[in-house]
1. Would you confirm, using the coordinates I've provided, whether A:L153 is over 19 Å from A:L252 (Cβ atoms) and buried (at least 18 other Cβ atoms within 10 Å of the Cβ)?
2. May I ask you to verify whether B:S204 is in the same structural domain as B:D23 (by TED's automatic domain parsing), touching a strand residue (DSSP E or B) at 6+ places or on another chain (Cβ under 7 Å) and over 20 Å from B:A442 (Cα atoms)?
3. Out of region B:362-393, which residues are among the acidic types (D, E) and surrounded by 11 or more Cβ atoms within 10 Å (Cβ to Cβ)?
4. Going through region B:330-359 one residue at a time, which ones are out of contact with any Asp or Glu (no Cβ under 9 Å at 6 or more places or on another chain) and of a type in the set (A, V, I, L, M, F, W, C)?
5. Please specify each residue of region B:73-89 satisfying the condition of being within 10 Å of chain A (Cβ to nearest Cβ) and either touching an Asp or Glu at 6+ places or on another chain (Cβ under 7 Å) or of a type in the set (S, T, Y) (or both).
6. Out of curiosity, is A:P302 buried (at least 18 other Cβ atoms within 10 Å of the Cβ), within 14 Å of chain B (Cβ to nearest Cβ) and in contact with a helix residue (DSSP H, G or I) (Cβ under 8 Å, 6 or more places away or on another chain)?
7. State whether the residues of region B:398-417 include one that is within 16 Å of ligand 1 (Cβ to nearest atom), closer than 30 Å to B:T264 by Cβ and in the same structural domain as B:V322 (by TED's automatic domain parsing).
Amino acid sequence: MMDLLNILLSESFWAASLRIATPLIFGVLGALICERAGVLNLGIEGIFVVGAMCGWMAVWLGAGLWGGVIVAALAGAFFGLLHAILTVPLGLSQHVSGLGITLFATSVSYFTYRTALPNVSSPPRIEPFQALDIPVLSDLPFLGPVLFQQTALTWLALLMVALVWYVMNRSALGVALKAVGDNPDSVDAQGLSVYALRIWAIVAGSALMALGGAFLTMSAFDAFFFGMVNGRGWVCIALVIFASWRPGKALLGALLFGAFDALQVRLQTEMGALVPGQVFLMAPYILSIIALVIAARSADYPRALLTPWFKGQR
Amino acid sequence: MTDQTVLKLNGLSKRFGPVVANDDVSLTLGRGEVLALLGENGAGKTTLMNMLFGHYLPDAGTVEVADPGGTLHPLPLGHPQAALAAGVGMVHQHFALAENINALDNITLGSEPLLSLRRDRRAAERKIKDIMARSGLTAPQDVPVGRLSVGERQRVEILKALYRDARILVLDEPTAVLTPQEADTLFANIKTMTAEGLSVIFISHKLREVLAFSDRIAVLRHGRKVGEMATSEADEGTIARLMVGADTPKVAREAATPGAPVLTLQNVSVAGRSKRDTLQGVTLTVHAHEILGIAGISGNGQSGLANLISGLAVPTAGMIRVDETEIARPSAATMVAAGIGRIPEDRHHEGIVGAMSVAENMVIERLGDPDIQSRGLLRRDAIQANAEGLAQAYDVRGPGVGAAARLLSGGNIQKLILARVFERAPRLILANQPTRGLDMGAAAEVGRRLLEARGRGAGVVLISEDLDEILGLADRIMVIRDGALVEAGTMDRAKIGLMMAGEPA
Ligand SMILES: Nc1ncnc2c1ncn2[C@@H]1O[C@H](COP(=O)(O)OP(=O)(O)OP(=O)(O)O)[C@@H](O)[C@H]1O
Ligand SMILES: [Mg+2]
């Protein structure tokens with residue numbers, strides 16, 4: 001019990017939680033934008049891989065760290081556009097298209113990586129983002145070490161939460177996005193384009209998802225490995241429901257998952273002799289499922305989610 | 001009213017596959033004029049207006065709209081944006097509102113630049129206030145539209161059009177979902193607005209309001225315009241003949257002696273989420289060979305009563321008996337099995353599965369029947385044959401029984417539901433607003449079928465806001481108010497009206 005308390009009060013635990021949460025924050029925000037507009041984007045897992053690979057490779061080829069971020073976002077946007085074309089004007093099944101995008105994007109990433117680097121045994125490393133150290137602030141007790149151990153990408157993620165919140169709740173664009181996910185006819189009857197709104201929402205959401213992947217290769221680690229995304233995309237899909245499609249709650253959900261995961265690692269080292277390690281690995285997922293069961297009962301799904309809309313039809 | 005023409009439809013045609021929805025229809029509309037567009041269900045009224053507003057692209061024909069100066073300009077077709085810019089506003093038969101945002105957002109949606117990060121809510125609020133003051137239409141602005149009543153939603157729809165400075169307003173069956181009082185207020189508001197130069201086209205099946213409030217009448221039949229006249233020269237008979245192409249037979253009603261009770265409710269209470277679906281200690285008995293009319297102003301517990309009888313709401317107290325058996329745990333399935341046929345109020349959402357075919361919708365309540373399935377597999381040919389027979393017998397018109405049910409016009413969806421319910425020869429029929437949105441012919445047909453079921457020995461619970469309908473069909477009337485039911489004990493229109501309003505008769 002003492003140990004648990006010690007962990008929860010330690011700065012390193014909270015710093016790790018925020019670090020683990022960062023890619024999820026990008027991912028949940030991206031999925032949230034797509035779903036608010038009425039389209040489920042199961043391409044998220046593959047888009048994470050694309051973002052991780054493209055961001056890393058751009059830096060490795062000399063584009064610079066921020067160059068890498070931009071390349072990752074554009075690559076994510078590209079696969080988002082593909083999903084958008086298939087599901088919006090063509091109105092195909094969002095599940096099938098999304099899973100297809102995940103398989104396709106993942107394989108293309110691995111293929112590109114292998115083709116570019118046919119005979120390396122250990123993956124080449126890049127110089128990743130470093131912790132942003134802001135002189136006076138980082139000396140603050142507790143908060144200083146937690147926040148100022150983080151890299152620029154974590155700060156970008158937090159900034160995105162604020163930006164998405166502002167757009168959703170304060171701008172005309174946010175109103176139109178919510179409306180198109182609730183009743184596309186309402187948007188059409190006011191002379192706006194349902195197709196354009198949905199397509200742009202998916203493109204923008206996918207670019208954000210790719211940043212989640214880029215964080216993995218450019219901040220959390222310094223190289224690209226196969227299987228490194230490891231289901232983070234799927235976790236985001238669940239977290240969106242937990243967040244009931246709200247950016248603030250999305251941040252909370254990602255942090256909660258990050259905290260579970262950070263806790264799990266620490267408990268494993270403390271109690272690994274007593275309980276098999278796999279139990280700890282499972283713990284964050286089981287706890288997310290429990291959290292979801294509680295949150296999902298009151299979830300207010302966007303009414304038009306999964307329903308294609310065609311111009312000039314009943 | 002002046003002679004100035006503000007709108008011209010020239011030879012509009014539209015077909016959907018084999019269905020000719022509109023065939024060479026031309027119309028004109030004068031400034032400040034109220035034109036009523038009439039026709040049977042499926043005659044093509046909504047389609048015509050959807051072409052004007054740019055939802056549908058016509059196969060042939062043109063539209064001209066006058067600018068504020070009075071000069072006619074051709075309207076680019078197929079773009080709601082263009083129609084809005086030209087001053088055409090439309091209130092759809094099925095509201096086009098997003099329910100997760102508030103009225104103000106619904107109203108201003110599309111009139112602000114999407115990419116600017118700042119919104120001028122103040123200016124929008126001022127403009128809406130101003131419009132509300134001028135038109136007399138009001139609706140709460142800052143709660144999600146999903147929480148507004150139907151009447152309020154409709155006012156939001158009209159405000160939406162006026163906010164875009166509509167000079168021509170199209171109202172597709174605006175009164176179908178309103179109480180008589182709300183409808184009168186709406187028409188009073190329309191009069192105020194036409195005095196200021198607004199021109200209105202409205203679609204309605206209620207001849208009384210058409211004769212009272214329109215200046216001119218145009219009639220469509222099978223997609224063609226078959227007549228046009230000044231309202232002052234029209235009467236119910238001529239209009240009805242034009243719409244149907246023949247005289248509508250009057251519904252004959254014979255006396256009947258009530259038999260044994262088929263449905264008994266004793267002190268039943270339902271805890272609903274709002275006043276509309278809450279019941280407080282309701283007691284009622286419906287007998288075989290009897291139509292019990294439930295009169296009341298909408299929102300007084302009718303939904304609660306309907307949900308209870310169809311098994312969708314579980315009572316918190318009291319007892320329900322069908323025939324002699326007490327229903328301990330009511331559910332939709334037990335009620336259907338007990339022999340209750342329901343004609344729901346919201347036929348689009350609770351009556352049909354829009355994405356499934358007409359044929360499938362016709363068997364949806366008896367999928368277990370051996371004629372429909374064998375060993376768990378559906379018998380397609382039997383379903384098809386059943387549907388074709390029913391479509392014939394109940395005159396369900398549309399693109400065919402294989403087409404998705406949502407493609408039918410509102411009236412034909414209702415006929416589909418009637419066919420499904422009456423085919424099962426139910427012991428008790430729950431008819432909730434069964435003729436809402438139906439043309440005169442179809443409404444008479446519903447009445448005829450209900451009387452036929454009564455003759456066969458069924459009990460009928462008829463919930464309606466239309467007092468004339470209840471007086472015409474019911475053997476006995478109860479009044480619902482604030483979730484409580486009282487025996488009217490009279491067939492006097494005025495007395496029942498007072499009881500509905502909650503005043504001592
Ligand atoms: N998008 C569509 N696809 C296929 N058929 C359609 C479509 N829209 C309308 N129809 C068909 O066109 C015909 C005319 O329909 P419309 O909705 O215009 O009738 P209406 O006069 O408005 O009837 P109601 O009084 O019942 O509303 C109907 O037979 C309908 O089934
Ligand atoms: Mg119609």
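1. Working: over 19 Å from A:L252 (Cβ atoms): yes; buried (at least 18 other Cβ atoms within 10 Å of the Cβ): yes.
Taking the combined requirement at face value, the residue satisfies it.
2. Working: in the same structural domain as B:D23 (by TED's automatic domain parsing): yes; touching a strand residue (DSSP E or B) at 6+ places or on another chain (Cβ under 7 Å): yes; over 20 Å from B:A442 (Cα atoms): no.
It is false that B:S204 is in the same structural domain as B:D23 (by TED's automatic domain parsing), touching a strand residue (DSSP E or B) at 6+ places or on another chain (Cβ under 7 Å) and over 20 Å from B:A442 (Cα atoms).
3. The initial filter retains those residues of region B:362-393 that are among the acidic types (D, E), namely B:365, B:369, B:371, B:381, B:388.
The answer is B:E365, B:D369, B:D371, B:E388.
4. Within region B:330-359, B:A332, B:A333, B:M335, B:A337, B:I340, B:I343, B:I352, B:A355, B:M356, B:V358 meet the criteria.
5. B:P80
6. Working: buried (at least 18 other Cβ atoms within 10 Å of the Cβ): yes; within 14 Å of chain B (Cβ to nearest Cβ): yes; in contact with a helix residue (DSSP H, G or I) (Cβ under 8 Å, 6 or more places away or on another chain): yes.
Yes; evaluated as a whole, the condition is true for this residue.
7. Within region B:398-417, the subset within 16 Å of ligand 1 (Cβ to nearest atom) is B:398-417.
Those left that are additionally closer than 30 Å to B:T264 by Cβ: B:414, B:417.
Going one step further and asking which of them are in the same structural domain as B:V322 (by TED's automatic domain parsing), we end up with B:414, B:417.
Yes, that holds for at least one residue.
Conditions tested, residue by residue: (1) touching a His at 6+ places or on another chain (Cβ under 8 Å); (2) within 16 Å of ligand 1 (Cβ to nearest atom); (3) not assigned by TED's automatic domain parsing to the domain that holds B:E360.
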position	(1), (2), (3)
B:R420	no, no, no
B:A431	no, no, no
B:P434	no, yes, no
B:L438	yes, yes, no
B:G447	no, no, no
B:E452	no, no, no
B:G455	yes, no, no
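The values are calculated or read from the model by the stated rules, or taken from the named source; none is laboratory data. In this text, all values refer to a predicted model and were calculated from it rather than measured experimentally. Here the Cβ is made from the backbone with ideal geometry for all residues, glycine too, and neighbour counts use every protein chain on show.
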